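Note sheet for the following structure.
The values are calculated or read from the model by the stated rules, or taken from the named source; none is laboratory data. This one's a predicted model, so the numbers in the text were calculated from it and none came from an experiment. A quick note on method: Cβ atoms are made from the backbone with ideal geometry, for glycine too, and the neighbour counts reach across all protein chains shown.
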Ligand code: IMP
């Protein structure tokens, strides 16, 4: 699988080190409060798992699964909820955990949906962020790494369902998709 990568952008060690830094920052920001981490399936599975184990505060986690309406690879921004949360968000301190934000359209929709459920606070943590996400009207409080506008795989990120289980993150070699 690793020979299908053209270029490694972040090694597993670099990712873990950055996760530790972000986890410490969240611990400090939310001292004395109990956070509900909301993961968006499937991509956020790895980051959710590592982030919460790196945290020292009490945390709970819950999951949502969404799909974008519209054809092709461009996200339309209109989202259908395939699996909703089990938890009630009323009065909770919530952090949405994402693998990557590209256009941010999916997340913008999700955030307005979650905000309407009355959380005490609502923030976003994403492991990777691409340049287009800067246009997003929803601020992202915690970012693992800013990355160039390239398609990347590994650490939860897939190409046609594959490569999520790669420990490193990188760009795909041309022979994989041509
Ligand atoms: P957005 O609505 O354009 O921000 O789309 C975000 C979603 O697109 C992510 O949650 C990923 O599932 C997918 N995505 C965007 N860029 C990449 C990438 O480089 N590799 C793998 N998946 C990506």
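Okay, here's what the table says:
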| quantity | calculated |
| --- | --- |
| Of the criteria (1) surrounded by fewer than 20 Cβ atoms within 10 Å (Cβ to Cβ); (2) more than 10 Å from the ligand (Cβ to nearest atom), which one residue 103 fails | (2) |
| Unmet criterion (only one of (1) in a strand (DSSP E or B); (2) within 11 Å of the ligand (Cβ to nearest atom); (3) at pLDDT 90 or above) for residue 63 | (2) |
| Check on residue 164, within 16 Å of the chain's Cα centre (by Cα) and in a loop (DSSP other than H, G, I, E, B) | yes |
| Enumeration of residues in the stretch 10-23 that are touching a residue at least 24 places away in the same chain (Cβ under 8 Å) and away from the ligand (no atom under 16 Å from the Cβ) | 11, 12, 16, 18, 19, 20, 22, 23 |
